Each structure stands twice: as C-alpha cells, then as structure tokens.
Amino acid sequence: MEFEDSADLIVTSPPYADARKKHYDSIPPDKYADWFMTFHDAFWSSLNEKGSLVINIKDKIVGGTRHRFVWETIDKLINLGWHCIDDYIWHKPNPMPGYWPTRLRDGWEYCFHLAKTTSPHIDQKAVAVPVGDWVNKRLNKLGENDSSRHNSSNESGFGRNISKWVGKEKVLPTNVLSMPLVGKNMGHPAVFPVELPSFFIKLLSRENKLIIDPFAGSGSTGIASLINNRNCLLVDNNPEYCKLANKRLVKEFSDLYNEVSYLNPTEDYQSAVKELKEPYLKKKVL
C-alpha cells in the first residue's frame, strides 16, 4: 500500500444506494455491502494503529420500507475486524419539504465511527461545548442529596453527584450533531456542510496529520482539513469533481495556493504517489 499506516482519519460520505445515477455508478441496495467491502483493505492499511473511519450514510426506502443495507454494511465491516466505537446522528434542521403517505420528512443521517482498535485517538476537549446557563441556576439550589453520589430511589442502578458540575465551563457534546444542509450544491449533488467533517477531524485526529476522503466530491473534507491545520488526501473517480474540489480549495485558501496540489494519478500514477509521499510539510490535496 502506497499510504500504509499514514492517516489519522478517513472521513467520507460514499454514494448512497441507487442514488444520483447521473453522477455516480449506481449500486443496488442488495449489493451495496459487498461493494463497500472492496474498499476494506485500502481503508484498513491506510490508517495508523490509532486511526478511525467515519462513514456518513443514509439508508433507502425500497418497496415502502427502509432497506437495511446500511446496517448490513456495518456488520460486514465488524466481521472484518473493525470496531464500532459509536453511532452519531447528523440532525438536519432544514430538511427538504415533501409528502410521503406513510413517512415524515427525513431530518437525519447516520455517521458511524469505526476504528482498528477499541481505544482510537480521541480529543474530546477539542469539541467541548459551553455547559449552558442552566447549570448556574441549578447549582445555586444544591440540596442535601447533591453533595455526594445519590443513587436512584427506584434502584435502577443510576446515580448522580450534581456538585461535580461546580466550576465547569465546558462539557462533552452529545452524539447528535445538529447542522443545517448546505444551501448551494456547489456543482455536486450531495454536498455536506464543512462543519460535519470538521467535527470529526477535531475529535479524531491530530494537527499536521493526514486526513483521507476517498469519496471526496466537491472537497468539503479538504476545506475542513485545511481549516483545522491538517493535511488531506482527496480522491474521487469523477474527474470533474476533482477539478471542482481543486478550484474550490484554491479559491477558499488563496494564501495557500502553492500548498494545494491537484494530481491525476491515472495519467502519471508513479509521479503522483512520489510527490504525495514526500514529508507532509505542505497541505496536499489529490
């Protein structure tokens, strides 16, 4: 493998089953899990020992019910040795309007966090959020049971110690990420907000380390990587999207113009790999 043990994080949104046939090869839901497994070796080998894989994906309605190809895909990855660390929900507060006889509007998507180990690199402080005003009101009214661990009266096994919140300014966020849809598709049919990969980049990678997006589309992961001082490798099988991503990156980061490289490995694979395997002193984008 040309990039073996190189990346802290692979964060990506692969083509959804039977979706956007004009833009990507369409994969039927029944064949999706097997198709995705063809990327397993490359993903596994590219990540370092503490690296993570984050997959943003959405299931599909087939014959009036939700097809479970997404869960079949995750189960197959687990059978190949991946550890499912957590499931995140991307909550979309501005989903597209519409009407469906037996369903409501889709306002969420999965983000699965998998890793090669049960203890991957994680920096929870990097994504901590303000604790909120409620804590001041609550801590001003500490009762007798709040200064030590207080077990639930119904013997459920749960307990709490409210006094531990004293002095805290930030807390861990939940695994439900509320981020609106991008208003403009930027020449690509499925652009996710830069904030989505940015969250996982801050949480699951280190500065100046490598981020990979193998289904890069318009380059949102590249934008998020550069904003957070990471190196990135973007890959897409559609040459037009590669050009679009490069144009977008250069426009967004004109001051880093000389640090953004657009390479076409199908034309000169060996020279492309040689350049990208140089020490990551610059932000590299393929």
Check your understanding: Where residues in the range 1-23 are within 13 Å of LYS60 (Cα to Cα) and charged (D, E, K, R), which of them is modelled with the lowest pLDDT?
Key -> ARG20
Check your understanding: Of the residues that sit in the range 5-19 and are over 17 Å from GLU72 (Cβ atoms) and not small (Gly, Ala, Ser), which one is surrounded by the fewest Cβ atoms within 10 Å (Cβ to Cβ)?
Key -> ASP5
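Each row is one residue, and each column tells you yes or no for (1) closer than 21 Å to PHE199 by Cβ; (2) at pLDDT 95 or above.
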position	(1), (2)
GLY64	no, no
THR73	no, yes
ILE78	no, yes
GLY81	no, yes
ASN94	yes, no
GLY98	no, no
Check your understanding: Regarding LYS58, is this residue within 27 Å of SER205 (Cα to Cα) and modelled with pLDDT of 95 or more?
Key -> no
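Mind checking which residues of the range 102-135 are of a type in the set (Lys, Arg) and either outside any strand (DSSP E or B) or not assigned by TED's automatic domain parsing to the domain that holds ARG206 (or both)?
If the condition is that a residue be of a type in the set (Lys, Arg) and either outside any strand (DSSP E or B) or not assigned by TED's automatic domain parsing to the domain that holds ARG206 (or both), then ARG105, LYS116, LYS125 are the ones that fit.
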Exercise for review: Can you confirm whether the range 204-216 contains a residue that is modelled with pLDDT under 90 and outside any helix (DSSP H, G or I)?
Suggested key: no
**Study point:** Selected residue [within 16 Å of the chain's Cα centre (by Cα) and part of a strand (DSSP E or B)] from ILE74, ILE55
**Key:** ILE55
Check your understanding: Is it the case that some residue within the range 24-41 is modelled with pLDDT under 95, within 17 Å of ALA216 (Cα to Cα) and in contact with a Pro (Cβ under 6 Å, 6 or more places away or on another chain)?
Key -> yes
Practice item. List the number of the failed condition for VAL54; all other conditions in (1) within 22 Å of CYS232 (Cβ to Cβ); (2) out of contact with any strand residue (DSSP E or B) (no Cβ under 6 Å at 6 or more places or on another chain) hold. Key: (2)
Check your understanding: Between a first residue in the range 84-105 that is within 19 Å of GLY64 (Cα to Cα) and without any contact (Cβ under 8 Å) to a residue 60 or more places away in the chain and a second residue that is surrounded by 10 or more Cβ atoms within 10 Å (Cβ to Cβ) and of a type outside the set (Gly, Ala, Ser), which pairs have beta carbons less than 6 Å apart while being 6 or more apart in sequence or on different chains?
Key -> ARG105/PRO95
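The values are calculated or read from the model by the stated rules, or taken from the named source; none is laboratory data. Computed from a prediction, not measured in an experiment: that's the story for all the values here. Virtual Cβ from ideal backbone geometry, glycine too; neighbours counted across all protein chains shown.
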